[in-house]
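Since the structure comes first, as structure tokens, the remarks are kept for the end.
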Amino acid sequence: MIKRITHNDLQEEIILSFEYLSAEGNSIDLDEEEAISGAIILRRMAKKFLGIKELDIYTPKNEKPKAFIGDNELSVSFSHTKKAICAAISYEFNVGCDIESIDRSVNPAIISRIKCKNEIDQLYNETEPIRIWTCKEAALKMIGMGLRISMNSVYLKKISEDLFEVEFNNGKRAKICSFQHRDHWISVCYQ
């Protein structure tokens, strides 16, 4: 059964869900190949939380997924690990989400490559590297770029325990709610 995840730093107009892909934890009845596409979880979320029976989802090459109810577009994003998938939907906000297992390690050489020149060292000393990764990837997914542009072009600033602010190289800003859910870090960027 699909459930909505809420968080104090996540806007109410953003619907976020998480499901395990295998028999571990809360099993779902999707085969892994379909779940990875994200379309199934997004359709299930739209049906359960928005009462939408038909959600058209398109994933243009090198762009973020697009979802429509008739002529009305919703912002959608999804991410997966080997064990789980999460997805976000919103009418009001442009969203991007990312998920990673909390036990995934990040090579120190990669950390030095994803750090924006304006970011303070304290952020990297006090925040798990995989969490920083999920924040930056969620931000890049929100703007439709994914990992096609470098993470070091994204300036990340911690506002509170689970709330971050991101600034892109064009000066635009967004918020990121990043938190641990079960055995994963989930980050949702919204603007």
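When Lys and Arg each count +1 and Asp and Glu each count -1, what net charge do the other residues less than 13 Å away from Lys47, Cβ to Cβ, add up to? Walk me through the numbers on the way to the answer.
On the way: positive: Arg4, Arg43, Arg44, Lys48, Lys53; negative: Glu54.
Overall, the nearby charge balance is +4.
Just to be sure I understand the curve: with the Debye formula and one point per C-alpha of the stretch 96-191, what is log10 I(q)/I(0) at q = 0.16, 0.18 Å⁻¹?
Log10 I(q)/I(0), no solvent term: -0.56, -0.73.
Could you grab the relative contact order for the chain? Cα pairs under 8 Å, six or more apart, rounded to a whole percent. Could the numbers behind the result be given before it?
Details: 381 pairs, mean separation 35.3, N = 191.
Relative contact order of the chain: 18 percent.
Could I get the Rg over Rh figure for the chain? Both from C-alpha atoms, Rh via Kirkwood, rounded to two places. Kindly include the intermediate steps, with their values, before the conclusion.
Numbers: Rg = 16.0 Å, Rh = 16.8 Å.
Across the chain, the Cα-based Rg/Rh ratio is 0.95.
Check the straight Cα-Cα distances from Lys48 and name the lysines below 18 Å, setting aside those fewer than 8 residues away within the same chain.
The qualifying lysines are Lys3.
Please get the size of the charge dipole for the chain, origin at its Cα centre, with Cβ charges of +1 on Lys and Arg and -1 on Asp and Glu, quoted in debye to the nearest 20. Could the numbers behind the result be given before it?
Working: 26 positive and 29 negative charges, 81 e Å.
That gives a dipole near 400 debye.
For the chain, what does -39500 (n - 2.57) per DSSP helix run (n ≥ 4), summed and divided by total residues, give at 222 nm, in deg cm²/dmol to the nearest 500? Write out the running numbers ahead of the final one.
Working: 5 runs with 45 residues, N = 191.
Counting only the DSSP helices, I get -6500 deg cm²/dmol.
Where Lys and Arg each count +1 and Asp and Glu each count -1, what net charge lies around Glu63 among other residues with Cβ under 14 Å from its Cβ?
Numbers: positive: Lys61, Lys64, Lys66, Lys141, Arg148; negative: Glu73.
Net local charge, Glu63 excluded: +4.
Averaged per residue, what accessible surface does the chain expose to a 1.4 Å probe, in Å²? Can you show the working numbers first?
On the way: 9980 Å² over 191 residues.
Normalised by residue count, the accessible surface of the chain is 52 Å².
Leaving out ligands, DNA and RNA, what percent of the accessible area of the chain is carbon and sulfur, probe 1.4 Å? Intermediate values should be presented prior to the final figure.
Details: 4600 of 9980 Å².
It is 46 percent, rounded to a whole number.
What number results when the radius of gyration of the stretch 37-111, computed over Cα atoms, is divided by 2.2 N^0.38 Å?
Values: Rg = 14.4 Å, N = 75, 2.2 N^0.38 = 11.3 Å.
Taking the Cα Rg and dividing by 2.2 N^0.38 Å, one obtains 1.26.
The values are calculated or read from the model by the stated rules, or taken from the named source; none is laboratory data. Note that the coordinates shown come from a computational prediction; the quantities given were computed from them, not determined experimentally. Every residue, glycine among them, receives a Cβ derived from its backbone with ideal geometry; neighbour counts consider all protein chains shown. We work out accessible area using only protein heavy atoms, side chains counted, and drop any ligands, DNA or RNA first. Shrake-Rupley method; radii C 1.70, N 1.55, O 1.52, S 1.80 Å.
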